[in-house]
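The values are calculated or read from the model by the stated rules, or taken from the named source; none is laboratory data. The shown structure was predicted, so the numbers you read here are calculated from the model rather than taken from an experiment. Don't worry about glycine lacking a Cβ; one is built from the backbone with ideal geometry, like all the others, and counts go over all protein chains shown.
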Amino acid sequence: MTSPSCLTLLTDFGLQDVYVGVMKGAIAQIDPRITVIDLTHAVPPQDVVTARFHLLSAYPYFPAGTVHVAVVDPGVGTTRRAIAIQTQRGVLVGPDNGLFSGILQTFPEEAIAAVELNQPQYWRSCSLSATFHGRDIFAPVGAHLATGVPLHQVGEAIALDSILHSPILPYQPTPEGFLGCIQYIDHFGNAITNIPDSCLPVAWTVLLKGRTIPGRRTYGDGQPGEPVALVGSHGWVEVAIAQGNAHTALQIKVGDSVEIQRCDRVHNSLDTT
Amino acid sequence: MTSPSCLTLLTDFGLQDVYVGVMKGAIAQIDPRITVIDLTHAVPPQDVVTARFHLLSAYPYFPAGTVHVAVVDPGVGTTRRAIAIQTQRGVLVGPDNGLFSGILQTFPEEAIAAVELNQPQYWRSCSLSATFHGRDIFAPVGAHLATGVPLHQVGEAIALDSILHSPILPYQPTPEGFLGCIQYIDHFGNAITNIPDSCLPVAWTVLLKGRTIPGRRTYGDGQPGEPVALVGSHGWVEVAIAQGNAHTALQIKVGDSVEIQRCDRVHNSLDTT
Amino acid sequence: MTSPSCLTLLTDFGLQDVYVGVMKGAIAQIDPRITVIDLTHAVPPQDVVTARFHLLSAYPYFPAGTVHVAVVDPGVGTTRRAIAIQTQRGVLVGPDNGLFSGILQTFPEEAIAAVELNQPQYWRSCSLSATFHGRDIFAPVGAHLATGVPLHQVGEAIALDSILHSPILPYQPTPEGFLGCIQYIDHFGNAITNIPDSCLPVAWTVLLKGRTIPGRRTYGDGQPGEPVALVGSHGWVEVAIAQGNAHTALQIKVGDSVEIQRCDRVHNSLDTT
C-alpha cells in the first residue's frame with residue numbers, strides 16, 4: 001500500500017466556521033494518512049480572480065502528484081461543471097469557473113487531461129447538499145485521487161479547451177519598457193504587479209502614481225521607510241517599503257497602472273549580487 | 001500497532017497566540033502520528049452557545065472513532081468537571097459546561113458512557129496549570145483516547161444525565177408553519193435559523209424582519225443581490241443573499257425571530273430538482 | 001527508516017496569502033511524513049520581540065527533537081546570517097536577529113552547538129529568492145534536520161556567544177517586591193508581565209496604573225468583571241478580568257509598568273489549593 005499524495009485546500013470559507021474542518025473530516029473518512037496543506041481560506045467571498053492568483057503562486061512548490069482542491073464557487077448548485085484536471089505536476093479539482101486559468105495559461109504545455117466529475121460513487125455518501133460541494137464532491141474526489149484513483153474513473157473526459165478561462169489582465173510593451181497593473185496586495189502591504197521578471201532589463205525603475213521607484217534586489221536594499229521595487233518570491237515585479245507597508249503609505253489599490261522603464265544604473269545600494 | 005484515530009480541536013483561543021500550537025505539541029508528545037484537524041479557534045471568548053453550534057455542525061462528518069476535544073472554558077480552575085463522553089461515532093472531551101448539549105440532544109441514542117477525568121497519569125506530566133487545562137488535561141487525555149486507551153481508564157464513570165445541558169432555543173408550530181430564530185451568522189453573512197429541514201413543507205417562504213423571502217434550493221437560484229432562504233449544508237433553514245452578505249444587507253442579528261410559512265408555489269426559478 | 005521529528009512554524013506571514021502553505025509544500029517535497037505544527041503566523045510584521053516571546057512560550061511543550069523554524073526576518077536578503085542551533089530539546093532554525101534570545105537566555109545550559117547555514121544542497125533546488133528565505137532556505141533545512149540530517153552537515157560551526165541577542169526588558173527588586181512591565185497582551189486581553197512566578201511571595205498584589213489587583217490562582221477566582229492577577233500558563237504573572245478583557249477594560253498597553261508587592265493575606269476567595 002503506497003503512501004497517498006499531498007492534498008492542498010484553497011477556499012473563501014474563512015476560519016470562523018467549521019466548513020474547512022468539515023472538508024478535512026470528509027478527506028479523513030477516505031484516508032486519514034493524506035497530508036492536507038492549507039493554501040489559504042481567506043480569499044474574499046466569491047473572488048475567483050484572487051483565488052486564481054494564489055493557486056498560480058503556490059502550484060510550483062508542491063511535490064509531484066499533489067492534488068489541489070480549490071473551492072471558490074459562486075455558482076454552487078447551478079449548472080456550472082465540477083471538474084478535475086491532470087497536469088504533469090499533479091491534479092486540480094474544483095468548479096469550472098476560471099479558478100485554474102492562471103496555472104493553465106502560465107504552464108499550457110503541462111495540462112494532460114480533464115474530466116467532468118459525474119461519478120457519485122466517489123462523492124460523500126448520504127445525501128448531496130446543494131450548497132456545500134466542497135464537502136460533498138470536491139474534497140472526497142480529491143481524496144480519492146490522492147490515494148491513487150486514476151482521473152478517468154472520477155468523471156467523463158472533457159476537452160481541455162472547453163475549460164472556462166477568466167481573462168488575465170495583460171501587460172504590454174511601451175517605448176521605455178512595459179505597462180501593466182497591480183494585481184494583488186499581500187499581508188505585508190506589498191503591491192504585486194502583473195509584470196513577470198522575464199520582462200526586466202538589467203537596470204530599471206517603476207513608475208507608480210507619479211512616483212519613480214528604483215528597482216532593487218531585496219527589501220533590505222532600501223532604507224527603512226523607502227519605497228523599493230523588486231522581483232517578489234512569486235516571480236512578479238512588486239512595490240514594497242522596507243520595514244513598512246506600501247499599500248497604506250502609497251495608497252496603492254488593485255488595478256493601479258504600473259510602468260517598468262529601463263534606466264542606466266542598477267539601484268542596489270547595499271548589495272549587488 | 002494500529003493507527004491512531006483522528007482528533008479535532010475546537011477552542012476560543014484564536015490564532016494570534018501559541019496556545020493552539022502548544023496543545024498540538026502536547027498531543028505530539030503522546031503520539032505524533034495522530035491526525036489533528038482544527039474545527040475552528042475563532043469561537044468568541046467564553047461563548048459556549050456558539051461552540052455548541054459548531055460542534056454539532058461538524059460532528060457527523062468525521063471518521064468513526066474520532067476524538068473531539070473542545071475547550072471553551074470560562075470556568076477553568078474552578079470546580080466545574082472535566083469530562084469525556086463515548087458515543088457511537090467517537091469521543092467528546094472537554095469541560096462539563098454544556099458544550100456538548102447540541103450533539104447529545106440531537107443524537108440522544110448515540111451516547112454510550114461518560115467519565116469525569118480524574119486520572120492524572122493521562123495528563124501532562126510536570127505541574128498542572130490552573131489556567132490552561134486545554135494543554136494540561138484535555139489535549140493529553142484526547143491523545144491517549146485517540147491511541148486506543150479505553151474511556152474507563154481516563155476517569156470515573158458518571159451518569160449521562162448528570163452532564164450539564166445548556167438550553168437550546170426551541171422552535172414551535174404556528175398556524176402557517178414554524179416560528180424560530182437566528183442562531184448563528186457565518187463568515188459569508190448567511191443567517192442560520194434553529195429550524196431544521198425536517199420541518200419544511202414542499203413550498204415555503206420565510207418571514208424575517210418584515211420581509212417575505214422565498215424558499216429555494218441553492219444560492220445560485222436567486223439573482224445576485226436577492227435574498228433567498230434555503231436549507232444550508234448543516235441541515236437548518238438559512239437566509240442568504242446570492243453573491244452577497246445577508247447579515248450586513250438585511251441587518252440580521254443572532255436572536256432575530258424567523259417564521260417559516262407554507263405557500264402554494266415552489267420558488268426554484270433556475271433549477272427544480 | 002525512522003519517523004521524522006515534528007517541525008513547528010512561526011512567522012509574521014499571516015494567513016491571507018499562500019506563503020505559509022508554500023513553506024509546507026517545500027517541506028513536503030523533502031518528506032511529506034513530517035508532522036508540521038503552526039505556532040502562529042500572526043506576529044506583527046517584523047516584530048522580533050513578540051516572536052521571541054511566542055517561541056519561548058511554546059518551546060517547552062514539544063517532543064524531544066522537534067525542529068522549530070521561525071521566520072520573522074526584516075533583514076532578508078541582506079548580510080544577516082541564517083542559523084540553526086542545537087539544544088537539548090530540539091533544533092532552532094531562522095535568521096540571526098535575536099528571535100531565539102528568549103529561549104537561549106531562559107535555558108542557557110541547554111544550547112549545544114550552532115551553525116551558519118551555508119550548504120545549498122539542503123536548500124530548495126532551483127533559484128534562490130532574495131525575499132523568501134522561509135521557503136528557499138529555512139523550511140528545507142528544517143525539513144532535512146527533521147529527517148535526521150545532523151546539524152554539522154547543514155552549515156559551518158559558529159560560536160554560541162556570537163548569536164545576536166535582543167535585549168530582554170529586565171525586572172528588578174524593590175523594597176516591597178519586584179518592578180517589571182507588561183511584555184505582551186494576548187487574544188483574551190490578558191496582560192502578561194515579564195515577572196516570573198519564581199519571584200512570587202506567598203501572598204501578593206499587583207500595582208498597575210494606580211490600581212491594586214489581588215493575586216489569585218485562576219480566572220475563576222474572581223467575580224465576573226473583576227480584575228485579577230495570577231500566574232499564567234506560560235509561567236509569568238498576568239493581569240486578567242474574569243470572563244472579560246483586561247486590555248480594553250483597564251486600557252493596558254505593552255510596556256506599562258507593573259509592581260508586585262508582598263501582602264499579608266492570600267486572595268483565593270473561591271479556592272485555595
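Scanning the range C:225-256 for residues that are assigned to a helix (DSSP H, G or I) and farther than 26 Å from B:Gly134 by Cα turns up just one, C:Leu250.
Return the residues of the range C:15-35 that are touching a helix residue (DSSP H, G or I) at 6+ places or on another chain (Cβ under 8 Å) and either surrounded by 24 or more Cβ atoms within 10 Å (Cβ to Cβ) or closer than 22 Å to A:Ala51 by Cα (or both); say none if nothing qualifies. Correct list: C:Asp17, C:Val18, C:Tyr19, C:Gly21, C:Val22, C:Met23, C:Lys24, C:Gly25, C:Ala26, C:Ile27. Restricted to the range A:210-224, and to residues there that are surrounded by fewer than 23 Cβ atoms within 10 Å (Cβ to Cβ) and in a loop (DSSP other than H, G, I, E, B), the residue that is farthest from the other protein chains (Cβ to nearest Cβ) is A:Gly210.
What single numbered condition from (1) touching an Asp or Glu at 6+ places or on another chain (Cβ under 9 Å); (2) surrounded by fewer than 22 Cβ atoms within 10 Å (Cβ to Cβ); (3) more than 9 Å from every other protein chain (Cβ to nearest Cβ) fails to hold for C:Pro45? Result: C:Pro45 passes all but (3). For the range B:130-161, the candidate set comprises residues that are polar (S, T, N, Q) and in contact (Cβ under 8 Å) with a residue 40 or more places away in the chain; within that set, the residue that is nearest to B:Leu7 (Cα to Cα) is B:Thr147. Can you find a residue in the range A:100-113 that is of a type in the set (A, V, I, L, M) and in contact with a Gly (Cβ under 8 Å, 6 or more places away or on another chain)? Within the range A:100-113, none of the residues are of a type in the set (A, V, I, L, M) and in contact with a Gly (Cβ under 8 Å, 6 or more places away or on another chain). Looking at B:Ser166, B:Ser198, just one residue is closer than 30 Å to B:Thr87 by Cβ and either of a type in the set (Lys, Arg) or part of a loop (DSSP other than H, G, I, E, B) (or both), and that residue is B:Ser166.
Would you confirm, using the coordinates I've provided, whether C:Asp31 is out of contact with any strand residue (DSSP E or B) (no Cβ under 6 Å at 6 or more places or on another chain) and acidic (Asp, Glu)? Spelling it out, C:Asp31 is indeed out of contact with any strand residue (DSSP E or B) (no Cβ under 6 Å at 6 or more places or on another chain) and acidic (Asp, Glu). Among all residues of the range C:82-101, there is none that is in contact with a strand residue (DSSP E or B) (Cβ under 7 Å, 6 or more places away or on another chain), modelled with pLDDT under 95 and either buried (at least 22 other Cβ atoms within 10 Å of the Cβ) or within 14 Å of chain A (Cβ to nearest Cβ) (or both). Filtering the range C:229-261 to residues that are more than 22 Å from C:Trp204 (Cβ to Cβ) and of a type in the set (Ser, Thr, Tyr) leaves only C:Thr248.
Filtered by the rule that a residue be under 14 Å from A:Gln261 (Cα atoms), surrounded by fewer than 22 Cβ atoms within 10 Å (Cβ to Cβ) and under 17 Å from the mean Cα position of the chain (by Cα), the range A:188-209 gives a lone residue, A:Pro196.
With the structure loaded, tell me whether A:Gly75 is in contact with a helix residue (DSSP H, G or I) (Cβ under 6 Å, 6 or more places away or on another chain) and within 14 Å of chain B (Cβ to nearest Cβ) or whether it fails that test. Yes: the conditions hold for A:Gly75.
Examine the range A:1-19 for a residue that is under 14 Å from the mean Cα position of the chain (by Cα), farther than 19 Å from B:Ile192 by Cβ, away from chain B (no Cβ under 12 Å) and touching a residue at least 60 places away in the same chain (Cβ under 8 Å), and state whether such a residue exists. Looking through the range A:1-19, at least one residue is under 14 Å from the mean Cα position of the chain (by Cα), farther than 19 Å from B:Ile192 by Cβ, away from chain B (no Cβ under 12 Å) and touching a residue at least 60 places away in the same chain (Cβ under 8 Å). Among the residues of the range B:160-172, is there at least one that is at pLDDT below 95 and crowded, with 18+ Cβ neighbours inside 10 Å? Yes, some residue in the range B:160-172 is at pLDDT below 95 and crowded, with 18+ Cβ neighbours inside 10 Å.
Of all residues assigned to the range C:25-35, none qualifies as being over 24 Å from B:Ile37 (Cα atoms) and free of Cβ contacts under 8 Å to residues at least 40 places away in the same chain.
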